[in-house]
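Notes for the one structure printed next.
The values are calculated or read from the model by the stated rules, or taken from the named source; none is laboratory data. Quick caveat, the model's predicted, so the values are computed rather than measured. All Cβ positions, glycine included, derive from the backbone under ideal geometry; neighbour counts span all protein chains shown. For the accessible areas, the whole protein counts, side chains as well, though only heavy atoms, and no ligand, DNA or RNA atoms are used. Shrake-Rupley method; radii C 1.70, N 1.55, O 1.52, S 1.80 Å.
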Amino acid sequence: EDLVKLPFTTKDDLRDNYPFGLVAVPEEQINRIHASSGTTGKPTVVAYTRHDLSVWSECVARGLTMAGLGRSDRVHVAYGYGLFTGGLGLHDGAAYLGATVIPMSSGNTKKQITLMEDFGATALACTPSYAMHLAEAVVEAGRVPHIKLKAAICGAEPWTDAMRDTLEQMLNIKAYDIYGLSEIMGPGVAQDCPYHKGLHIWEDHFIPAILNPD
C-alpha cells in the first residue's frame with residue numbers, strides 16, 4: 001500500500017535529468033545504454049546493470065516460451081538494432097531461451113525473405129506493420145510453402161485483431177503481441193498467449209497501476 005505514496009516519474013523528469021541524472025547505481029555498474037528516438041526533444045535514456053539485462057532477457061524468454069518456442073527454434077529478429085530496445089531485447093531473450101538467433105535487423109525485404117528461407121527460421125520478431133509487409137512480399141513471391149515460420153512476435157506499435165488474423169492466415173502462423181516500454185525495460189513487460197484474451201504481465205517484476213479508471 002505504500003506504493004501510492006511514490007511520486008510519478010514523467011518523461012519530463014527523464015529529459016530534465018538527461019542523460020544520467022536519475023541513474024540509481026554507480027556509473028561503473030552500467031552495462032548498457034538504450035534511448036528513445038528523441039523525436040520530441042531530448043531522448044529518454046535508460047541505463048541497465050548486468051542484473052537488469054538478465055531480468056530483461058528472462059522476461060522476453062518467458063514470452064517466447066508462451067508462444068511455443070524453445071531451444072530447437074531459429075528466431076529471425078527483424079526489429080531495428082541499436083539504441084532502440086526492440087532488436088537487442090528480442091535477441092537476448094531468444095539467446096537466453098537457448099534458441100538460435102538470426103540478427104537480421106530491419107530493411108531489405110527481399111534479403112529478409114531469402115535468409116528466412118535459407119536459414120530455416122521458425123519465428124519472426126518485428127513490428128506488426130513490417131510483419132505484414134514481409135507477409136505480402138512472401139505471398140507475392142510464392143514462397144509461403146518454403147517458409148518454416150510458425151510464430152511471429154510483434155510489438156513496438158499498436159495493431160488490431162483483424163490485422164493479426166490476416167497475418168496468421170497469410171503465413172499460416174500464430175502471431176503474438178509483445179509489450180514493453182524503454183522507460184521500464186523494453187519489450188517483454190507483458191505478452192499474450194495462444195488464447196489471445198489479453199496480455200499476461202510478469203507480476204513478479206512489474207506492478208501495474210490503474211491511474212484513471214474512467
Open item on the list: Give me the residue from the range 108-140 that is open to solvent by 50 Å² or more (accessible area, probe 1.4 Å) and of a type in the set (S, T, N, Q) and, out of that set, farthest from the chain's Cα centre (by Cα).
Closed with: THR114
TODO: Within the range 165-205, count every residue that is open to solvent by less than 50 Å² (accessible area, probe 1.4 Å) and within 16 Å of the chain's Cα centre (by Cα).
DONE: 16
Open item on the list: As an exercise: evaluate HIS146 against (1) buried (at least 22 other Cβ atoms within 10 Å of the Cβ); (2) of a type outside the set (Lys, Arg); (3) farther than 24 Å from LYS197 by Cα and give the number of the one condition it does not meet.
Closed with: (1)
- [ ] Could you please let me know if ALA35 is modelled with pLDDT of 95 or more and open to solvent by less than 20 Å² (accessible area, probe 1.4 Å)?
- [x] no
Open item on the list: I'd like the full set of residues that are free of Cβ contacts under 8 Å to residues at least 24 places away in the same chain and small (Gly, Ala, Ser), limited to the range 95-116.
Closed with: GLY107
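Within the range 1-99, considering only helices (runs of 4 or more DSSP H) that don't extend past its boundaries, which have at least 2 residues that are of a type in the set (A, V, I, L, M)? Break it down stepwise before answering.
On the way: elements: 11-16, 50-66, 85-97.
Helices (runs of 4 or more DSSP H) meeting the threshold: 50-66, 85-97.
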Open item on the list: What's the number of the only condition in (1) open to solvent by 60 Å² or more (accessible area, probe 1.4 Å); (2) in contact with a helix residue (DSSP H, G or I) (Cβ under 8 Å, 6 or more places away or on another chain); (3) not basic (Lys, Arg) that LEU97 fails to meet?
Closed with: (1)
- [ ] Could you give me the residue pairs with C-beta distances under 7 Å whose first residue belongs to the range 18-43 and is over 17 Å from GLY186 (Cα atoms), whose second residue is of a type in the set (Phe, Trp, Tyr) wherever it lies, and which are 6+ apart or on separate chains?
- [x] GLU27/PHE20; LYS42/TYR18
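Yes or no, residue by residue, for (1) under 30 Å from LEU6 (Cα atoms); (2) in contact (Cβ under 8 Å) with a residue 24 or more places away in the chain:
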| site | (1), (2) |
| --- | --- |
| ASP165 | no, no |
| ASN172 | no, yes |
| ALA175 | no, yes |
| ILE178 | yes, yes |
| GLU183 | yes, yes |
| GLY188 | yes, yes |
| LEU199 | yes, no |
| TRP202 | yes, yes |
| ILE210 | yes, no |
Open item on the list: Condition check: open to solvent by 20 Å² or more (accessible area, probe 1.4 Å) and in contact with a strand residue (DSSP E or B) (Cβ under 8 Å, 6 or more places away or on another chain). Does SER105 satisfy that?
Closed with: yes
